[in-house]
Structure formats: structure tokens, C-alpha cells
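Input: a single structure, listed below in C-alpha cells.
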Amino acid sequence: MYKYLLCWRYLRTRYIALASIISVMLGVATMIVVNSVMAGFADKMRDRLHGVLADIVVESNSINDGFDRYEDVMARLEEVAGGDIVAMAATMETPGILRYRVGSVHNERPVQIHGVRPLERAKTGDFAEFLFDEKGNRVPPSFDVPEKYRENSPAGAQLKEMEGDEDDELSRAVRETLRQHALEQVPEHGAIIGYALATYHPGNGQPDIFMARQGSKVSLAFPKAGTKPEAGLDEFTVVGYFKSGMSEYDSTHVYVPLERLQYLRLLSGGPDDKGKVNQIQLKVRPGVNLDALAERLQLSLEKIHPMYFHVWTWEQKQGPLLGAVAIEQSILNILLFMIIAVAGFGILAIFSMIVVEKTRDIGVMKALGASTAGIRGIFLGYGLLLGAVGSGVGMVGGLLFVRYINEIEKVLSRILQHKVFDDTIYYFDKIPTLVDPHTVIAIVVGALSIAVLASIWPAQRAAKLHPVKALRFE
């Protein structure tokens, strides 16, 4: 019983130990907060990356020209997968340049153009979940251009004004001319462009400013297929916005009708020709091992056309990005754990000082019958108590910080006069967090272990003191 009483007494009276408690507390709280925020960002990023990409992507080596008879390739994939494939979508992807007019200025952006059939593409991922209009409402996956866009165009407005005019030869000619102008002002083919391409994001809680509004005309330039480099150009009407929340995609992706892109890039031979594509995106049944299925599909396609197709899972496709996040999180954990290690050295120094200071008391206790294990237990218990108090308070403080992190961010932003969380990179309305109980337990157990390990050497030193030697000079 005396061991516990002494541990409690030292905890209440030795205020120098407060420094060790604070070090452990800060280390535990910081690690919990950082891990929760990084896990939240990683989870959001993985979820949105997976939504943008299908479970498995089949690509050809020839990105420019692609491959024809893709329906035969799809049939082969479905045969090998044995019912594991839920949906497939053929895609043509090519780099290009987007151009649109804002007042008297032309904006030009490098983009990645995706020729898709929107309903098919929506079945292979979360494509439909990322489509919005200017008001933030969901729009269906479609490239259809509503007639109201042409009615609201300058030529369309003039046509509307002429509805009550006489139907003579001159009026008919004017109406036909206006209809042609309306078609030029609002092209018949629609396009869904990245949200960041169409808007200016001022941040600081201010609403986004639309530069390419729905119904406006945009131009796309892209390379045509073939050995001779030649540029293709076409105009589209903005019918919606792709908003995944990932700046990398929202600032580069443009979706257009697959058949139109094939025709413009000279990849379609006629009405009966399905044209060429350079990607097939696959949605797989839940629970299927994607890596194993991708390997099977790769081996099967090698028999059709050796060294021509690449089969990727969505994680392999984004491997460098996901790997960089994992490495960054690991390095941060190592650096932050050093804070707790510093607290451990503090405990070691404090306990060594206590052993020297309390040499006489230790000798008296051993002379009165205290065992070597008992003396050792006093210091080990004291170290455990310091670690428990520090890690316990740090755990509660860290979890509370995570719970109210967005409120704290707003207060800090007002104090520092600038945004702490830059929402111009990620279109998140708040800082994402994810608390993993196993990580919290590992952090607390690690802190306790360091506190106990730092107590072992002073405890062993005190336990080895001989009562006669300890009292010799008293």
C-alpha cells in the first residue's frame, strides 16, 4: 500500500513533474489531431478519386489513336471476369485547350478532354454525383442542350420579338438568319466542364463567380488522330459542371459526347462504325479483389494483343498520389512521436534527481523492511502515473480539439486575419476529420510505454541501494 501512497504524494507535491505531464499531454493531443485530420483528408481524397475513376481501367498503349472493335474487347473482359463486372463504359481521352470569352477577354486553359456516353459513364462510378448546375443543384448525366438556352441567346431574343410580325418573304429570311445565329451562339452539342475551369473562387466565404455560365459557348482544340500532327477544333455549349472537390480534376476535366469527339478526331469511319476508344472503364462487384482481377484481365488481353493493353486498378492509377500521402503521414507521426520521447527524457532526468535527493529516505525504507521490488515499484508506478495523467488529458484534449476544429479554425482565422484552412484547393465547406479508435489507443499506449521505459533505469538504481551505504553519511 505504501507504494501507491508515495506515488500519489509525489504526483501532488513534485511540481517539476508537471513539465513531463504537459510534454506527454501535448504530444498525445497533437498526434491525435494530426492523425485525425490527415485521415479525414485521405479518406475524402480516396473516396473522390475512386468516384472519378472506375474500379478498373483498361488503357491502350496508343493513347492518340486508340483501338477499334472495342466491343470485342469488352466481351473478352466480361468472359474472363466471370460475372464480376457490373458495368463498362468506353472512353476517349485526349489533351486539349479550352477557350471561352469573358467580356472582351478570352480565357484559355489546358484541359483533359473525355469523350463519354454519360449514362454509361455514370454506371461505372460516381460521375453523376459530381454534376451540378450554377445553383448547386444536381443535373442528370446528359449532353442535351435545352431549347431555353437558344431562346435566351441574343439571336433567340430577337426571334422571340418577331413572333407577331408578318410572315412575308423578308421576315422568313430574317428568321432563318437569326436561327443560324442562335445555333452559332449556342452550339447543338453540349459539354460538361470542370467547376474550377468555369469559376473564380475568391474564398473567405464569398460566393464563386461564374465566368463560363450554363448556355455559354466554349471552344475546344485537340490533336487529330494520324501520323501527321493536325489540330481539331469544335464549339460546345456548357450544360453543367463537374465538381468532385479535387482541384486536380475540377480544373482540368471536360466531358463531351463520345461520338462527336471520335468524329472530330477522325476516329470514326461512318454511321455503322463504332469508332475507336483508348479506355474502357469497369465497375466491379463489391468484395472482389481488384488486384487479382486486374492481373487476370491483363493476362487475357496479352493473348489478344501482346504488350498493347494496360489494366490498372483505381489505386494503381493514383499510386504516386496515394503513396505520397501515406509517406507524409508516416513521417509526421515519427516527428510528432519525438515530442513524447522528449517527455520520456524529462521523466528520466526528474527520476534520477529524485533518487539522489531521496537516498536517505530510500535507505530508511529498506532498513524498515521495504523490498527491492517494492522500491522499484514506487518509481515505475510513479512513471506510469505521470504517463497515464499526461496521455489521458492529452487524449481528451485532442478529441475535443478534433470535435470543434472547424470552430477553432474560424476563431484563428479572425485573429490571424487570413484563412487557416485554404478552401481554394479543396472545395470542402469544413475541415474533414476521421478519428480511428485503434490509432488513438496506439498513441496512448505508446505514451504510457515511453513513460514507463524512462522510469526503469532510475527505479533500478534506487532498488539496488544498500540501506547501510544509503545511511552512512547521515
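FYI, it's all coordinate maths here, none of it is from the lab. Treat the numbers as computed from the prediction; the structure is a model and nothing was measured. Positions of Cβ are generated from backbone atoms using ideal geometry, with glycine treated the same way; all protein chains shown enter the neighbour counts.
Can you sort 130, 210 from fewest to most other Cβ atoms within 10 Å of each residue's own Cβ?
210, 130
Given the pairs 224/274; 148/224; 135/243; 123/430, which span a C-alpha to C-alpha distance of over 21 angstrom in this model?
Numbers: 224/274 17 Å; 148/224 33 Å; 135/243 12 Å; 123/430 29 Å.
Over 21 Å Cα-Cα: 148/224; 123/430.
Just to verify a number: FRET efficiency for residue 404 and residue 138, C-beta to C-beta distance, R0 = 45 Å, to 0.05?
Efficiency, rounded to the nearest 0.05: 0.90.
Report P(r) for segment 73-129: all Cα-Cα distances, bin width 5 Å, range 0 to the bin holding the largest distance, values in whole percent.
With a bin width of 5 Å, the distribution comes to 4, 15, 15, 16, 16, 12, 9, 5, 4, 3, 2, 0.
How do 74, 92 line up, fewest other C-beta atoms within 10 Å first?
Ordered from fewest to most neighbouring Cβ atoms within 10 Å, 74, 92 come out as 74, 92.
Using 1/(1 + (r/R0)^6) with R0 = 30 angstrom and r between the beta carbons of residue 308 and residue 97, what's the FRET efficiency to the nearest 0.05?
0.55
I want to check the label-to-label distance for residue 445 and residue 72. Put each point 7 Å from Cα in the C-beta direction and report it in nm to one decimal.
5.7
Cut-off is 10 Å between beta-carbons; in what order do 419, 228 appear when sorted fewest neighbours first?
On the way: 419 15, 228 6.
Going from sparsest to densest Cβ surroundings: 228, 419.
What does the extension gain come out to for residue 414 and residue 221, with contour length at 0.36 nm per residue minus their alpha carbon separation?
65.0 nm
What does the C-alpha gyration tensor say about the overall shape of segment 35-132? Classify as rounded when a/c is under 1.5, otherwise prolate if a/b is larger than b/c, or oblate. Please list the in-between numbers first.
Numbers: a/c = 2.27, a/b = 1.20, b/c = 1.88.
Oblate, because a/c is 1.5 or more while a/b does not exceed b/c.
Which stretch or stretches of segment 300-320 have amide N atoms under 11 Å from the point lying 7 Å from residue 80's Cα along the Cα→Cβ direction?
Answer for this model: 300-312.
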